[in-house]
1. Take the residues in region 236-257 that are buried (at least 20 other Cβ atoms within 10 Å of the Cβ) and among the charged types (D, E, K, R), then tell me which one is nearest to residue 354 (Cα to Cα).
2. Scan region 130-142 and tell me whether some residue there is surrounded by 15 or more Cβ atoms within 10 Å (Cβ to Cβ) and either of a type in the set (D, E, K, R) or in contact with a Gly (Cβ under 8 Å, 6 or more places away or on another chain) (or both).
3. Go through region 293-400 and tell me which strands (runs of 3 or more DSSP E), entirely inside it, have 2 or more residues that are aliphatic (A, V, I, L, M) and closer than 30 Å to residue 414 by Cα.
4. Scan region 403-456 residue by residue and report those that are more than 26 Å from residue 26 (Cα to Cα) and either assigned to a loop (DSSP other than H, G, I, E, B) or under 24 Å from the mean Cα position of the chain (by Cα) (or both).
5. Residue under question is residue 355, and the condition is that it be more than 27 Å from the chain's Cα centre (by Cα), farther than 30 Å from residue 469 by Cβ and of a type in the set (A, V, I, L, M); does it hold?
6. Step by step: first the residues of region 23-49, then only those that are more than 8 Å from the ligand (Cβ to nearest atom) and crowded, with 24+ Cβ neighbours inside 10 Å, then the one that is modelled with the highest pLDDT. Which residue is that?
7. Within region 116-153, track down each residue that is β-branched (Val, Ile, Thr) and out of contact with any Ser or Thr (no Cβ under 6 Å at 6 or more places or on another chain).
8. Output the number of the condition that residue 546 fails; it satisfies all remaining conditions of (1) within 47 Å of the chain's Cα centre (by Cα); (2) free of Cβ contacts under 8 Å to residues at least 40 places away in the same chain.
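The values are calculated or read from the model by the stated rules, or taken from the named source; none is laboratory data. A quick note: this is a predicted structure, and the numbers were derived from the prediction, not measured. Backbone-built Cβ (ideal geometry, glycine too); neighbour counts: all protein chains shown.
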Amino acid sequence: DADAAGASEPERPKYRAPVCCVMGHVDTGKTKLLDKIRRTNVQTGEAGGITQQIGATFFPADAIERQTDALTRTAKKKMEMLVPGLLVIDTPGHESFSNLRSRGSSLCDIAIVVVDLMHGIEPQCVESLEMLRKNKTPFVVALNKIDRCYAWKSPADSPIYQPFKVSQKEQEQATLNEFKARTNDVIVQFAELGFNAALYYENPDYRTHISLIPTSAHTGEGIPDLLLMLVQLTQRMMAKQLYLQPELEATVLEVKAVPGLGTTIDIILVNGSIREGDEIVVCGMEGPIHTKIRALLTPHPMKELRVKTPYQHHKVVHAAQGIKISAHNLENAVAGTSLLVVGPDDDVEDLKEEVMEDMETVLESAVDKSGEGVFVKASTLGSLEALLIFLQSEGVPVNGVGLGPIHKKDVNKAAIMLDRKPRYACILAFNVAIAPDIQLYANQRGVTCFTNETIYRLEEEFLRYLDGKKQEEKEAVRDLAIFPCICNIVAVFNARNPVVLGVEVEQGVLRIGSLLCVPSKGNLEVGRVISLQDNGIDVEEARETTQVAVKFDSPHGLTVGRQFTEEDKLISVVSRDSIDVLKAHFRDEMRKSDWILIKKLKTVFNVI
Ligand code: GDP
């Protein structure tokens with residue numbers, strides 16, 4: 001085979017293509033948008049240089065220029081395309097791709113976050129934003145599905161898509177009003193998350209404000225604007241970062257078994273060149289992998305029927321490109337980590353250490369010092385990190401992490417929580433296998449395993465489980481929860497057996513189940529509240545200044561008028577246990593003033 005990739009680049013370009021990934025909530029239109037951008041060439045019938053690569057699509061500068069011509073033609077100064085094009089990672093929304101690293105920093109130079117204009121910002125989008133903020137990755141937002149605004153008029157199908165500015169002029173005022181209102185809602189949502197956002201053509205400063213670009217993945221409207229913003233933003237913000245370096249920079253995208261080739265790795269070569277026969281070092285689940293490239297593969301430019309394998313072999317490939325590598329011992333390679341080539345002056349041991357660093361820092365920093373938490377497993381480092389970020393945002397600690405399938409020892413570790421914190425006796429496993437015997441073992445031990453293939457669904461499932469567990473744990477201790485209150489007796493309906501009093505709540509909250517006593521009579525117990533009635537209607541609780549009839553399960557022999565009188569006050573009996581239970585399970589039902597009252601009552605009962 002001819003060395004197509006190498007030969008097509010006679011002159012070494014000064015810049016490399018920025019790497020772009022597409023993120024956002026499910027169903028916002030990520031796939032559709034990518035397809036639509038990719039179809040620019042299919043529809044025109046000319047290749048346009050857009051090439052399908054392994055795991056990525058390359059959009060050359062001239063194809064972008066053609067799409068954005070209508071936008072830049074009228075500009076005073078024509079945009080200069082410095083970069084040779086854009087390399088867009090193909091698998092959208094796959095959490096593991098949004099967090100890929102090359103040499104410790106994010107692989108993606110820029111991201112497109114897709115938001116459904118009809119739905120606004122959704123949970124998975126918040127997660128993506130967290131990740132981008134953490135990695136300091138710049139991004140633009142595609143406000144997608146504009147065509148769903150009421151009575152939106154879309155242009156006829158055309159291989160050159162219509163800029164948003166043109167679309168906007170075609171719309172009736174009512175439609176534009178809806179568009180504006182929805183856009184403003186999204187801007188407010190961004191503000192709530194701590195981001196300044198503005199429509200891209202109203203953006204006062206791209207360094208402080210995120211650009212929103214209205215798009216339709218159905219009609220292609222706004223795609224020229226999107227491409228232009230991507231190029232402008234990368235060129236303005238990171239020209240230096242985009243110099244093509246001689247040094248190799250590459251990231252493992254995916255580990256895949258391919259018939260006839262064995263286990264292969266799909267990589268994105270971000271910088272530098274790679275050759276057949278090169279010795280490489282990659283991060284493995286069971287330690288570093290040192291191997292030799294057997295074949296460097298890219299898809300055939302045209303799918304010829306007579307071609308036996310779908311791949312073309314190369315002797316050398318230059319950045320930026322998506323490539324499949326075939327070599328020995330790649331079974332345990334970890335996606336989302338760097339790939340290094342052993343140079344003539346390199347010490348393999350140094351490279352091995354370097355390649356394991358990303359993984360070790362992620363794994364080490366994840367585990368909570370309390371010794372309590374859930375167990376997390378994932379197929380890639382990126383998806384593992386996405387899960388960790390999610391758990392952190394939910395305030396759920398982690399007690400163990402790992403890559404690859406669930407083992408018996410993972411179940412054993414999770415089972416430790418059954419005694420310490422039962423709700424955490426579970427394993428969140430994303431995209432990893434669990435053998436039937438291990439599942440059975442987990443069931444026997446009482447360890448719950450969550451194994452959904454979609455990270456978002458996995459998170460939903462886990463949250464539902466956690467809510468259920470919290471509710472269960474709360475119910476189990478409900479009797480111990482004594483809410484604080486001080487009451488005045490205003491009437492005696494029944495002096496004994498059972499004691500029924502009319503009381504006015506002076507402070508705090510009187511609840512069914514609360515144990516009350518008479519502080520002026522040596523904390524004499526009046527009994528637990530069995531029922532509460534407000535004007536003849538049963539109620540669960542009564543707050544400050546409400547008057548209610550209270551029925552107690554008083555001890556035998558207690559008579560109002562004998563051991564205590566109407567003049568006495570009643571207070572809740574608080575204890576260390578009751579306070580701990582309130583803190584652990586009933587925070588959401590306690591007011592700030594209730595906690596202050598607890599503090600006061602503690603002194604009555606000498607609770608430390
Ligand atoms: P993903 O989960 O984010 O990849 O979303 P998809 O690309 O699969 O799109 C989800 C659904 O939304 C599909 O039914 C699409 O046809 C639809 N969709 C995506 N983009 C648009 C758009 O711009 N306009 C309209 N009307 N529908 C869209």
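1. Looking at residues that are buried (at least 20 other Cβ atoms within 10 Å of the Cβ) and among the charged types (D, E, K, R), I get 249.
2. So far as region 130-142 goes, yes, one or more of its residues are surrounded by 15 or more Cβ atoms within 10 Å (Cβ to Cβ) and either of a type in the set (D, E, K, R) or in contact with a Gly (Cβ under 8 Å, 6 or more places away or on another chain) (or both).
3. Output list reads 374-378.
4. Matches in region 403-456: 406, 407, 410, 414, 416, 421, 423, 424, 425, 435, 446, 447.
5. No: the conditions fail for residue 355.
6. Applying the filter and picking the extreme gives 23.
7. Scanning region 116-153 gives 121, 126, 141.
8. Only one criterion is unmet by residue 546, namely (2).
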